[in-house]
Amino acid sequence: PVGDYAIEVGPGTLSVADTNYSLGLVAGTITVTQAVLTVSVDDQWRLYGATNPPFTGQVGGILNEDVIVATYSTAAEPASPVGAYEILPGLMGEALTNYFVITNVGTLTVTPAPLGVTADNKSRSYGGVNPPFTGSVVGILHNDAIEVAYTTSAGAASPSATARATRALG
């Protein structure tokens, strides 16, 4: 593991009887430093209101068959608004102290969910008052407060559909 270790020195082929040398043995030190471990998180996307997809990534630089496990998470929940959210890695393993970790975070992009609004067909007589307009909304999620206003440019003096068609042909 990371740390300082002694380098022992031995006499090698010299013997104590060799008078041509005065033998002095001085031990050294080897310092084992951290290896580089890179964690890169894959970008993901989902629609507003959906659950988060499975997060993935790659871990590079594991040595000596060390067991290091990566997990990935984000603060985004299904009701989180449209936008970009960081996906962060978490690492577990007894050998982590032997590594200098470089992290490349990912991005979860939450995109707008489809919302369908349909106005109900209505009719009235020429010169009459417009009836109340109604319709339906499909796709509201998480009890979001969506209000729809239905309006028209047709007023009491607007010609009937038959009168418009006759003028266009005339």
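The values are calculated or read from the model by the stated rules, or taken from the named source; none is laboratory data. All values derive from a computational prediction rather than experimental measurement. A quick note on method: Cβ atoms are made from the backbone with ideal geometry, for glycine too, and the neighbour counts reach across all protein chains shown. Please note that ligands, DNA and RNA were not included when accessible areas were found on the heavy atoms of the full protein model with its side chains. Shrake-Rupley method; radii C 1.70, N 1.55, O 1.52, S 1.80 Å.
Quick notes on this structure:
- Within the range 120-144, tally of residues that are open to solvent by less than 60 Å² (accessible area, probe 1.4 Å) and within 18 Å of Ala157 (Cα to Cα): 4
- Some residue of the range 97-118 being free of Cβ contacts under 8 Å to residues at least 24 places away in the same chain, open to solvent by less than 90 Å² (accessible area, probe 1.4 Å) and either assigned to a strand (DSSP E or B) or not β-branched (Val, Ile, Thr) (or both): yes
Okay, residues lined up against (1) touching a Pro at 6+ places or on another chain (Cβ under 9 Å); (2) under 21 Å from Asp66 (Cα atoms):
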| residue | (1), (2) |
| --- | --- |
| Pro89 | no, yes |
| Thr97 | yes, yes |
| Ile102 | no, yes |
| Thr111 | no, no |
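- Residue within the range 89-99 that is farther than 30 Å from Gly3 by Cα and either in contact with a His (Cβ under 7 Å, 6 or more places away or on another chain) or of a type in the set (A, V, I, L, M) (or both) present: no
- Filtered by the rule that a residue be more than 30 Å from Leu108 (Cβ to Cβ) and either assigned to a strand (DSSP E or B) or in contact with a Pro (Cβ under 8 Å, 6 or more places away or on another chain) (or both), the range 1-39 gives Gly3, Asp4, Tyr5, Ala6, Ile7, Leu23, Leu25, Gly28, Thr29, Ile30, Thr31, Val32.
- For the residues Ile87, Ile68, Ile30, the requirement of being under 24 Å from the mean Cα position of the chain (by Cα), over 30 Å from Gly139 (Cα atoms) and β-branched (Val, Ile, Thr) singles out Ile68.
- Within the range 26-39, the set of residues being open to solvent by 40 Å² or more (accessible area, probe 1.4 Å) and free of Cβ contacts under 8 Å to residues at least 24 places away in the same chain comprises Val26, Ala27.
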